[in-house]
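Reviewing the structure listed below.
Nothing in this text is a laboratory measurement; each read-out follows from the coordinates by a stated rule. Given the structure is predicted, the values throughout are model-derived calculations rather than measurements. All Cβ positions, even for glycine, are placed from backbone atoms using ideal geometry, and neighbour counts span all protein chains on display.
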Amino acid sequence: MGQFHCDRCQKSLLVTENVRYKVTIQVESAYDPLELTKNDIEQKNHQDVLQAILKSIEGRSAEELEAEIYKSFKFDLCLACQREYIRNPLGLSSPEYSQDSQNLKETGDGPTAPQDHP
């Protein structure tokens, strides 16, 4: 079995702890659905739109462009760091979100930050 360390405090896991906690963070761009009318489609110069898109990505790496759309992180935590993470997932100096806060939206996967749209 490989050696695991808490990614937050570097404590050795599964040697001094019976369990480790896996945290996965997914950051995704949130696009609102576009509403196009027939008139919008007919009046747009699609070549100009494509040229503007190409110009906006010019000189940027694929990794940079991908990170704007989706990025994920995976961490292993010990019990103490897991409890701190649950208490203050954003690591704020004065927690805006807490376990009993109305700002949290409970999901099957645990608390998440509030959504802009219902």
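Need the full-extension length gain, K71 to I25, defined as separation in residues times 0.36 nm minus the C-alpha distance. One decimal, nm.
Numbers: separation 46, 0.36 × 46 = 16.56 nm, distance 0.82 nm.
Answer, rounded to one decimal: 15.7 nm.
Return the long-range amide H neighbours of H5 (sequence gap of 5 or more, or a different chain), with a cut-off of under 5 Å between placed amide H atoms.
It is L13, by chain and number.
What does the charge count around C78 come to, taking other residues whose C-beta lies under 11 Å from its C-beta (Lys +1, Arg +1, Asp -1, Glu -1)? It would help to have the intermediate numbers written out before the result.
Details: positive: R8, K11, R20, R83; negative: D7, E17, D76, E84.
Net charge in that neighbourhood comes out at 0.
What GluC sites (Glu not before Pro) in region 38-77 are in a loop by DSSP, with at most 11 other Cβ atoms within 10 Å of the Cβ?
On the way: sites: E42, E58, E63, E64, E66, E68; in loops: E58.
Those satisfying the criteria are E58.
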